[in-house]
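Working notes for the structure below.
The values are calculated or read from the model by the stated rules, or taken from the named source; none is laboratory data. Given the structure is predicted, the values throughout are model-derived calculations rather than measurements. Using ideal geometry, Cβ is built from the backbone for each residue, glycine included, and neighbour counts are taken over all protein chains shown. Calculation scope for accessible area: heavy atoms of the full protein, side chains included, ligands and nucleic acids excluded. Shrake-Rupley method; radii C 1.70, N 1.55, O 1.52, S 1.80 Å.
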Amino acid sequence: MEARLTGISRRETLKYLGYAGSPLPEDVLEQLSAGEREILQRAAPRVLWRLFDRGPAGELAGTGYTPAGDDIRDLLRDCDQVILMAATLGMETEALLRRTQASDMARAVILDAAASAAIENVCDNLCADLAEAFAPRCLTDRFSPGYGDMPVSQQAELFRLLDISRRIGISLSESGLMVPQKSVTALIGVSDRPQGRRSRGCEACAMSADCAYRKGGTSCGKT
């Protein structure tokens, strides 16, 4: 299954910029368009996934790993299989962001927001491809370490089971930071019946206390 970056949603880019809804000047719109184009040109997305059977106690068969937290257990309660996935925009995008942060912070902020929107597009496309491949079975939302009460430390288990560093070039720090930063890992449940989209409040997120979106009176759209 190939990685697909099919576009960057302007709505997503503005969300990551903390856009409050006021009209944007023409020069800002031009900067947004330029930033989105540059990310599309530089990104080299890669994806990885693997399917596991889920045991009666919630463990992934043959792995010694049980996803931690009440929220992920609730998400997977009707699932007999679990997909682990990873996606990244690649190191060229990471290098672009770092160079720009050192030379032009205003432009760097726009590029960072566009890159965040781009990795969401890659993940959404992978999930759509998986849903088609697994039909008529049903997939849950994707759920990442750090969401709800699932510890960020769970990243290490996903890296181990998917061999992420070797296979698609993402490294993981002791604190759970991924490099390239525009990378995502997640779990997706597989079951025989559809699950409605979960109602997830900001209070359930591990980042709620320090979230820039909440401080600005908005949300990231994931809760």
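Annotations for the structure displayed:
- Identity of the residue in segment 59-70, closer than 23 Å to C123 by Cβ and not hydroxyl-bearing (S, T, Y), that ends up most open to solvent (accessible area, probe 1.4 Å): A68
- Evaluated against (1) under 23 Å from E92 (Cα atoms); (2) in contact (Cβ under 8 Å) with a residue 60 or more places away in the chain, G176 falls short on exactly one condition, (2).
- Only one of the numbered conditions (1) touching a residue at least 40 places away in the same chain (Cβ under 8 Å); (2) surrounded by fewer than 18 Cβ atoms within 10 Å (Cβ to Cβ); (3) among the basic types (K, R) is violated by R73, and that is (1).
- Failed condition for S153, given (1) open to solvent by 60 Å² or more (accessible area, probe 1.4 Å); (2) closer than 25 Å to A128 by Cβ; (3) part of a helix (DSSP H, G or I): (2)
- Residue list for segment 77-98, restricted to those being out of contact with any Cys (no Cβ under 6 Å at 6 or more places or on another chain) and either farther than 11 Å from R42 by Cβ or at pLDDT below 95 (or both): R77, D78, C79, D80, Q81, V82, I83, L84, M85, A86, T88, R98
- Count - residues of segment 173-195 that are farther than 27 Å from G55 by Cα and within 15 Å of the chain's Cα centre (by Cα): 7
- Matching residues in segment 1-31 - criterion: being open to solvent by less than 40 Å² (accessible area, probe 1.4 Å) and on the phi > 0 side of the Ramachandran plot: G7
- For segment 92-106, the condition holds for no residue, the condition being that it is open to solvent by less than 40 Å² (accessible area, probe 1.4 Å) and either under 23 Å from P194 (Cα atoms) or assigned to a loop (DSSP other than H, G, I, E, B) (or both).
- In the condition set (1) open to solvent by 40 Å² or more (accessible area, probe 1.4 Å); (2) assigned to a strand (DSSP E or B), Q181 is compliant with all but (2).
- None of C79, C123 is under 15 Å from L51 (Cα atoms) and surrounded by 14 or more Cβ atoms within 10 Å (Cβ to Cβ) except C79.
- Checking each residue in segment 76-126 for being touching a strand residue (DSSP E or B) at 6+ places or on another chain (Cβ under 8 Å) and either free of Cβ contacts under 8 Å to residues at least 60 places away in the same chain or on the phi > 0 side of the Ramachandran plot (or both) picks out only G90.
- Segment 32-58 residues that are open to solvent by 40 Å² or more (accessible area, probe 1.4 Å), paired with ones that are modelled with pLDDT under 95 and not small (G, A, S) (beta carbon under 8 Å, 6 or more apart): W49/M1
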